[in-house]
Amino acid sequence: MIVAERKPLSEIIAKVEGYNRLLIVGCNTCVAVCQAGGEKEVAMLAAALRLRFRDRQPAMEIIERSVERQCEEEFNQVLAEDIAHAEAVLSMACGVGVQTLVEQFPDAIVLPAVNTKFMGRPEERGVWSERCIGCGNCVLDKFGGICPITRCAKSLLNGPCGGSENGRCEVDPENLECAWQLIYDRLARLGQLDRLLEIEPPKDWSTARYGGPRKIVRKDMVL
């Protein structure tokens, strides 16, 4: 899932100051799961902004809406009337959702209310960790299902650096496990340590975003 967190309230206030008709739009998928931009978070942010602008901008009107997925235009159609009425739209979706609104409603001022962080998984209540950077060429089969590109701080493909100690990463020993320790332990468990003798060639980053914005076209689905 895409993991995000809400921007600081002070930053959001600075963005919307001066607008008297504000539409706050949440997304009930990824950012709702990580409690950054779902329907509940829209209500909380709207309440905070009303309180903040109660005396400074008493004429401010704040409308609250949420859609299933802001990244798909069909779900955003119901917002057309509200967006036309609003002076600015405050999107609580990920960056993809924000840009979808911009493309779908080109005359609207759309402002981001959250910071998109990474693709990850929940570890426990209130804790999410990164697992994939979307490099475009998955190598999980070679490393026991553990991604060295994402989970190694240096994205090393042929073993650990000299800085790991006691299974911890030198970049942040307190919070980061050494990805290559995890890979070694996993392959040992599977009886596949011989895989570590294989030399992995340099990563072809052209399949990642470094080759420019990417697009996938499924010809069997195109009308």
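Each reported figure results from applying straightforward, stated rules to the coordinates on display, with no laboratory input. Since the structure is predicted, the reported quantities are computational estimates derived from the model, not experimental observations. Note that each Cβ is placed from the backbone with ideal geometry, even for glycine, and that neighbours are counted across all protein chains shown.
Fewest-first ordering of Lys15, Lys40 by other beta carbons within 10 Å of each residue's beta carbon gives Lys40, Lys15. For the pair Arg189 and Phe118, the difference between a 0.36 nm per residue extended length and the Cα-Cα distance amounts to 22.7 nm. With a Förster radius of 45 Å, plug the Cβ-Cβ distance of Glu174 and Glu103 into 1/(1 + (r/R0)^6) and report the FRET value to the nearest 0.05. Approximately 0.60, to the nearest 0.05.
Once the Cα atoms of helix 95-104 and of the chain are each reduced to a long axis, what angle between those two axes, in degrees from 0 to 90 to the nearest 10, is obtained? That helix lies at roughly 50 degrees to the long axis. Of the residues Met119, Met221, Met60, the one with the fewest other Cβ atoms within 10 Å heads the list, and the complete ranking is Met221, Met119, Met60. Each of the peptides 157-163, 188-194, 88-94, 45-51 was scored by the mean count of other Cβ atoms within 10 Å over its residues; in descending order, highest first, they stand as 88-94, 45-51, 157-163, 188-194.
Counting other Cβ atoms within 10 Å as a rough exposure proxy, the listed residues Trp180, Trp128 run Trp128, Trp180 from fewest neighbours to most.
Between the helical axis of 39-53 and the longest alpha-carbon principal axis of the chain there is an angle of about 50 degrees. Considering helices alone, the calculated mean residue ellipticity of the chain at 222 nm is -7500 deg cm²/dmol, with DSSP H runs of length four and up weighted by -39500 (n - 2.57) and normalised per residue. Scanning residues 5 or more positions from Ser129 or on other chains, those with amide H under 5 Å from its amide H are Arg121, Glu123, with H placed 1.01 Å from N in the peptide plane. Shape index of the chain: Rg/Rh, with Rg the Cα radius of gyration and Rh the Kirkwood radius from the inverse mean 1/r over Cα pairs, equals 1.08. A simple packing score, the average count of other Cβ atoms within 10 Å per residue, orders the peptides 135-142, 210-217 as 135-142, 210-217, with the highest score first. The H on the amide N of Lys117, modeled in the peptide plane, is under 5 Å from the matching H of Val3, Ala4, Glu5, each at least 5 residues off or on a different chain.
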